[in-house]
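What follows draws every value from the coordinates through simple rules; no lab data is involved. Since this is a predicted model, take the numbers as computed values, not measurements. When we count neighbours, we look across all protein chains shown, and the Cβ atoms used for this are built from the backbone with ideal geometry, even at glycine.
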Amino acid sequence: MFRNVAAPALASRLFISINHPRIAPLTIPLASFSNHAPSIAATPVAARVDRDRGSRNRRNYEDKRGATPLRFLVASSFLSWFSKKSDDESPESQLITIIKRSILSIQKEEYQKAEQMLHLALKMAQELQSKDGVTYIYDIMANLAMEVGDFAKAEKLFVNVMQRLFADGFVEDHIKMLHISSKIAHLAQLQGHFDKAAQGFEWTLAKLEEQLKQISEENVRELRELWGITKNWYAQLLMEGKRFAEAKTAFQQAYEAYTEVHGKLTEEGLTILNNLSVACSNLEDYASAERFLKEAISLAAQIPDLSEAGVYKANLGLLYLQQGLLRQASEFCTFAWRYGKQHKHEESVIQANYCLEQIKAMQK
């Protein structure tokens with residue numbers, strides 16, 4: 001009785017959607033401010049989105065990546081391009097400084113300040129007639145809009161960046177384009193445009209898989225990482241459509257790809273394990289769900305001050321509750337509540353409170 005009646009609600013609460021970039025999150029890797037499209041092997045990452053803060057507001061899901069700010073990596077080729085042409089007092093150097101400061105503001109979650117500086121940088125780049133500089137700044141703006149949850153603006157900016165890259169001679173299946181395609185699909189997902197999102201993810205994954213078959217092993221890292229990130233987002237879309245078996249497979253593939261590149265001791269890898277456990281729970285494969293969550297908890301213990309560890313404990317409590325194991329559920333949810341309070345992690349407390357309230361209801 002308990003399993004049939006309560007499981008759907010618990011599964012919805014249990015599903016904590018995580019969109020990295022570094023599971024993300026990734027943005028497009030703008031290599032250098034030149035007018036030539038570089039080869040994939042020569043393309044460094046110019047900017048990378050680690051968190052997709054805005055989807056935290058979607059229904060019952062938490063975007064765990066919202067727990068920490070964006071981390072941007074400015075491509076060395078971008079900086080060296082200017083250094084060859086300028087000195088410390090040149091307009092180009094001033095532009096670099098403003099861009100760096102905007103990125104620092106984003107890392108500090110000073111988003112309004114970052115936005116203002118990016119607009120100033122954009123004006124300077126336009127005055128300098130730096131075509132690639134303008135593209136680079138639009139890309140950062142797009143990721144910032146995505147970070148703060150302005151998905152429509154982010155999509156418009158990413159489309160603009162894509163159009164500029166097309167005009168510069170980039171083909172649709174270049175790694176830069178595939179980064180944007182994956183993000184636009186994810187933005188469609190976050191806005192509830194699921195058919196559009198599915199088409200975008202499936203097209204991007206197909207193009208990535210074609211390239212993975214052709215590229216040499218030493219140049220596979222970025223493609224493999226983007227494939228894993230896209231798989232993770234696609235798996236979340238499959239969860240939306242209650243295609244749990246397919247979602248489980250996609251989460252497993254995403255986890256394998258991500259840990260292959262970054263290792264297991266990362267917050268983003270743990271979020272995929274969490275979502276993998278949710279897929280298993282919806283398939284009523286509780287043994288696998290428990291195994292993945294316990295692995296996440298064990299790995300989380302090795303990451304100092306990881307506040308999300310409380311969420312994993314609460315989720316394990318909810319998993320036990322789904323099975324009617326009230327003693328185990330109470331133990332883990334009580335721990336999660338204390339952990340969340342100690343680390344001032346709101347979602348852990350919310351998740352634990354929900355679990356404890358359900359336990360009280362079951363005991364009446």
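Some points to look at:
- Of interest is the spacing of the C-alpha centroids, which for the range 338-364 and the range 119-133 amounts to 50 Å.
- Amide H to amide H distances under 5 Å link GLY149 with GLY54, where only residues 5 or more positions off or on other chains count and H is placed in the peptide plane.
- When each of LYS123/LYS176; LYS156/LYS341; LYS183/LYS341; LYS100/LYS248 is checked by Cα-Cα distance, pairs over 30 Å: LYS156/LYS341; LYS183/LYS341; LYS100/LYS248
- Separation of alpha-carbon centers, the range 150-212 and the range 213-287, rounded to whole Å: 19 Å
- Applying both filters, DSSP loop and at most 15 other Cβ atoms within 10 Å, to the GluC sites (Glu not before Pro) of the range 187-288 gives GLU284.
- Amide H to amide H distances under 5 Å link LEU283 with no residue, where only residues 5 or more positions off or on other chains count and H is placed in the peptide plane.
- Karplus-based coupling profile of the range 241-248, in residue order and whole Hz: x, 6, 9, 5, 5, 5, 4, 4, with θ = phi - 60° in 6.51 cos²θ - 1.76 cosθ + 1.60 and x standing for Gly or Pro.
- Taking amide H positions as modeled 1.01 Å from N, with prolines and chain starts lacking one, no residue 5 or more places away or on another chain lies under 5 Å from GLN323.
- For the range 264-364: rounded, prolate or oblate by the Cα gyration tensor [a/c cutoff 1.5]: oblate
- Residue-wise HN-Hα couplings along the range 161-177, as the Karplus relation 6.51 cos²θ - 1.76 cosθ + 1.60 with θ = phi - 60° gives them from phi, are 4, 4, 4, 5, 5, 4, 5, 8, x, 6, 8, 5, 9, 5, 4, 4, 5 Hz; Gly and Pro carry x.
- Prolate/oblate/rounded call for the range 158-212, Cα gyration tensor, a/c under 1.5 rounded: oblate
- Using θ = phi - 60° and Karplus 6.51 cos²θ - 1.76 cosθ + 1.60, couplings along the range 288-298 (whole Hz; Gly, Pro as x): 5, 4, 5, 4, 5, 5, 5, 5, 4, 5, 5
- Using the Cβ of TYR339 as centre and a radius below 14 Å, the other residues enclosed give a net charge of -1, where K and R count +1 and D and E count -1.
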